[in-house]
Amino acid sequence: MKKTTTVMGMPSTINLAQGNAKEEDINEVFSYFHYIDNKFSTYKKDSEISRINRREIRKEEWSREMEKIMSLCEKTKKETEGYFDINIKGLMDPSGLVKGYAILEGAKILRKRGYKNFFVEIAGDIQADGFSKKGEKWKIGIQNPFDSRQVIKIVQLSNMGIATSGTYIRAGHINNPKSGKPADEIAAITVIGPDVYEADRFATAAFAMGEKGINFIENLNGFEGYMVKKNKKAVMTRGFHNYL
Amino acid sequence: MRKYFQISFFLGLFGLLVFVRQSLGFGDSHRVIGPVATPLSPVNPSSNPQATPVPSQAPSSSGSTAATPSPVPVGPQMMQKRMGQYKDGTYTGSVQDAFYGNIQVQAVVSGGRITAVNFLQYPNDNGTSQYINSQADPMLAQEAIQAQNANVDIISGASDSSMAFQASLTDALSQAK
């Protein structure tokens, strides 16, 4: 059973590759996504994060989820040489981590209900559990950052997560403060990791690193990456071919 | 920067060992170095200078990565020869900000020799330590991107919202100079 809806302003698809799949279980996960969106969306004026940014909520009053997400953001910042940073002009925007977190938590809801073969996706970030209905690993296409209708690579995953960070926006005048080079040397980077939360946060940070982002992923144990540069060349980590 | 990290970390670690030796050379028989007296060198002087205060007892010079005290030659051979001079005990270094997290080491001396250097704190609760320890920037395979048969279950790509996040992030980084 497969269902797609819009959550967090993005398309989201859940595919339960089992005969006994129930639609209410899929809806439960979508409800959870809306709950998370209502807390963490910087586009929603009434969200907790927006209220925090307007100084209407003090740190002591943060919800449990907010505390958790903020502590994960802080941890990720430390692990990525500061490239993952949610503080922008005095405002906090944890979007670079919340999506992967929500997808993984959604997958956990399904696991608790006994599902073993499914994927959960929001806007191109995916947690892939078990196998497809064909009994094969999930076949996941990496989108061409220059043409969204095209797939430029196919990876096969089971019990792993995958996330892509990228941009279509030209921003050549913006420099990476650490290298002095333009921060948009790369068009996109796809990261495969032990789960989608891990893949998402490190994809976000690796993208901000520019070309050296792929080396950051290469040196992370348990992660592989595929980086597409602006010159339409792709660079991949040494273990990436294991997923082809 | 990572090479600086590695070099300064190991120089700092060696500095700790040297300091242990020096401290014991003219002290009482059961002197133990307290939690503040370590000469671990500043780890990342270029980007994080405020995080590495230099203890007053430290023989190293402030802000320099060459933190090894000058009277003692650097090298594994010299260390081997001098090891027998240590007094038994367990010596704990201070907590040092290593940018990825804190590092704190403990040296154990037994029978006049350093039998262990334990890491009391080390940023190793995830893949990061792998990154720190692996200094290689290997040549990675490169290819021209090419359209594939789109017979897949699902697509991974950059979303609009992550585009916005990336743009903000990039902008924030440009101000972080």
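Filter the DSSP H helices in chain A by two things, a Kyte-Doolittle mean of at least -0.5 and an axial alpha-carbon span of 15 angstrom or more, and list the hits by number. Let's see the in-between values first.
Details: long enough: A:23-40 (26 Å, -0.74); A:64-79 (23 Å, -1.31); A:95-112 (26 Å, 0.29); A:196-208 (18 Å, 0.41).
Counting only whole DSSP H runs, the qualifying helices are A:95-112, A:196-208.
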Quiz prompt | Of A:K75/A:K230; A:K39/A:K99; A:K139/A:K212; A:K39/A:K116; A:K99/A:K212, those spanning more than 20 Å from alpha-carbon to alpha-carbon | solution = A:K75/A:K230; A:K139/A:K212; A:K39/A:K116; A:K99/A:K212
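Mind checking segment A:14-50 for chymotrypsin sites (Phe, Trp or Tyr not before Pro) that DSSP puts in a loop (not H, G, I, E or B) and that have at most 15 other Cβ atoms within 10 Å? Display every interim value, and only then the final one.
On the way: sites: A:F30, A:Y32, A:F33, A:Y35, A:F40, A:Y43; in loops: A:Y43.
Loop-located and lightly packed - A:Y43.
Chain A: longest stretch without exposed GluC sites (Glu not before Pro) (DSSP loop, at most 13 other Cβ within 10 Å), sites themselves excluded? It would help to have the intermediate numbers written out before the result.
Numbers: sites that count: A:E56, A:E136.
Longest gap between qualifying sites, sites excluded: A:137-244.
Which loop-located trypsin sites (Lys or Arg not before Pro) does segment A:47-127 contain, where loop means any DSSP state but H, G, I, E or B and the Cβ has at most 10 other Cβ atoms within 10 Å? Intermediate results must be reported in sequence, preceding the final value.
Working: sites: A:R51, A:R54, A:R55, A:R58, A:K59, A:R64, A:K68, A:K75, A:K77, A:K78, A:K89, A:K99, A:K108, A:R111, A:K112, A:R113, A:K116; in loops: A:R54, A:R55, A:R58, A:K89, A:R113, A:K116.
Of the trypsin sites (Lys or Arg not before Pro), the ones in loops of segment A:47-127 whose Cβ has at most 10 other Cβ atoms within 10 Å are A:R54, A:R55, A:R58, A:K89.
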Self-check item: Span from the segment A:7-34 Cα centroid across to the segment A:146-167 one, whole angstrom
Solution: 20 Å
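Answer rounded, prolate or oblate for segment A:2-243, using the Cα gyration tensor with square roots of eigenvalues a ≥ b ≥ c: rounded when a/c is under 1.5, else prolate when a/b is larger than b/c, else oblate.
Oblate shape, in that a/c is at least 1.5 and b/c is the bigger or equal ratio.
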Quiz item: Given Cα pairs under 8 Å that are at least 6 residues apart, what percent is the relative contact order of chain A?
Solution: 15 percent
Quiz item: Which whole-angstrom value gives the distance between the alpha carbon centres of segment A:185-211 and segment A:111-130?
Solution: 19 Å
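All of the numbers you see were taken from the coordinates with simple rules; none came from a lab. Everything numeric here is computed off the predicted structure, so don't read it as measured data. For neighbour counting, all protein chains shown are included, and Cβ atoms are generated from backbone atoms with ideal geometry for every residue, glycine included.
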